[in-house]
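For reference, the structure is listed below as structure tokens.
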Amino acid sequence: MNELNGKTAVVFGATGNVGHGAAEGFVAAGAKVVAPSRTAEGANQLERTFAGRSLAPIVGDISDPDDAKRLHETILERHAPVDHVFVALGPWWQEGSVSGQPPKAWAEVRRMLLDGHVHAASLFLPPLSRREATSYTIVTGAAAKQYIPNTSLLFVATNGVLALSKVIREEHASDAVRVNELLIETRIEKQARPGVVPSAAFGEAVVDIATADVRGEVLRYDSPQQFSTS
């Protein structure tokens, strides 16, 4: 595959299973990938994993407003223009009911699961909106659709991500950039095993979204054989 030769993709969450698959897909399609990581350890892991391939790790925390601005400026300074942005953020959280949480719990869960999405959209969408053949993909999951016991704060924060997805898809409906939501309804892991989709296979779907003439959609991913709009 070389659909994206000469293009640059920014992948948030590349140390995780979903983001790793996206990075694999973009690299395989010929793109240069910029992969932010909150920690130097994560950036070093990416450097080892993608050694000799077209991926540039960078340390920065998109969930922090000041660091998000610095990260955005650094990416544009070193790697502009950016053609595709893929945002998969946030760990799993299942720590109990709202009433049982310490005072600072919501601020931390919101920072991990929602703030980074808001910062990424506000910083990267304005320049993308003026350039043809660009895309912005915001990743959501099934846990935001149906409440799972003890995922209280995760459910609230990820529903904020659903709201953000709707807002940015509508706000940029007539712009050059194609904004889509990718709703993942299956388990994706870096290593292939029964019952999961390997990251590399998922990465092919990510490239399909980035290069397809589709905008403003919620794209459901159930498996490599089940990929549809909703």
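The values are calculated or read from the model by the stated rules, or taken from the named source; none is laboratory data. On a predicted model such as this, the values are computed, not experimentally measured, just so you know. Because the Cβ atoms are built from the backbone with ideal geometry, glycine has one as well, and the counts that use them run over all protein chains shown.
GLU41 fails exactly one of the following numbered conditions: (1) buried (at least 21 other Cβ atoms within 10 Å of the Cβ); (2) without any contact (Cβ under 8 Å) to a residue 40 or more places away in the chain; (3) in a helix (DSSP H, G or I). What is the number of that condition?
So GLU41 meets the others, but not (1).
Filter region 109-140 down to the residues that are buried (at least 19 other Cβ atoms within 10 Å of the Cβ) and small (Gly, Ala, Ser), then identify the one that is farthest from SER99 (Cα to Cα).
Among those residues, the one meeting the criterion is SER135.
Go through VAL156, VAL167, VAL161, VAL177 for me and flag whichever is more than 22 Å from ASP222 (Cα to Cα), crowded, with 21+ Cβ neighbours inside 10 Å and among the β-branched types (Val, Ile, Thr). Before the answer, list the steps.
Numbers: VAL156 fails: crowded, with 21+ Cβ neighbours inside 10 Å; VAL167 fails: crowded, with 21+ Cβ neighbours inside 10 Å; VAL161 fails: more than 22 Å from ASP222 (Cα to Cα).
Exactly one of VAL156, VAL167, VAL161, VAL177 is more than 22 Å from ASP222 (Cα to Cα), crowded, with 21+ Cβ neighbours inside 10 Å and among the β-branched types (Val, Ile, Thr), namely VAL177.
When you go through (1) under 16 Å from the mean Cα position of the chain (by Cα); (2) of a type outside the set (Phe, Trp, Tyr); (3) under 22 Å from LYS190 (Cβ atoms); (4) in a loop (DSSP other than H, G, I, E, B) one by one for HIS20, which number turns out not to apply?
Answer for HIS20: the failing condition is (4).
Given the conditions (1) in contact with a Lys or Arg (Cβ under 7 Å, 6 or more places away or on another chain); (2) surrounded by fewer than 20 Cβ atoms within 10 Å (Cβ to Cβ); (3) not charged (D, E, K, R), report the number of the one that SER63 does not fulfil.
If we test SER63 against (1) in contact with a Lys or Arg (Cβ under 7 Å, 6 or more places away or on another chain); (2) surrounded by fewer than 20 Cβ atoms within 10 Å (Cβ to Cβ); (3) not charged (D, E, K, R), just (2) comes out false.
For every residue, the table says whether it meets (1) modelled with pLDDT under 95; (2) more than 21 Å from VAL177 (Cβ to Cβ); (3) of a type in the set (Asp, Glu).
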| position | (1), (2), (3) |
| --- | --- |
| LYS69 | no, no, no |
| HIS72 | no, no, no |
| HIS79 | no, no, no |
| VAL82 | no, no, no |
| PHE86 | no, no, no |
| PRO91 | yes, yes, no |
| VAL98 | no, yes, no |
| PRO103 | yes, yes, no |
| TRP106 | no, yes, no |
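Just to be sure before I move on: is HIS72 touching a Gly at 6+ places or on another chain (Cβ under 9 Å), in a helix (DSSP H, G or I) and surrounded by fewer than 22 Cβ atoms within 10 Å (Cβ to Cβ) in the structure I sent?
Criteria met by HIS72.
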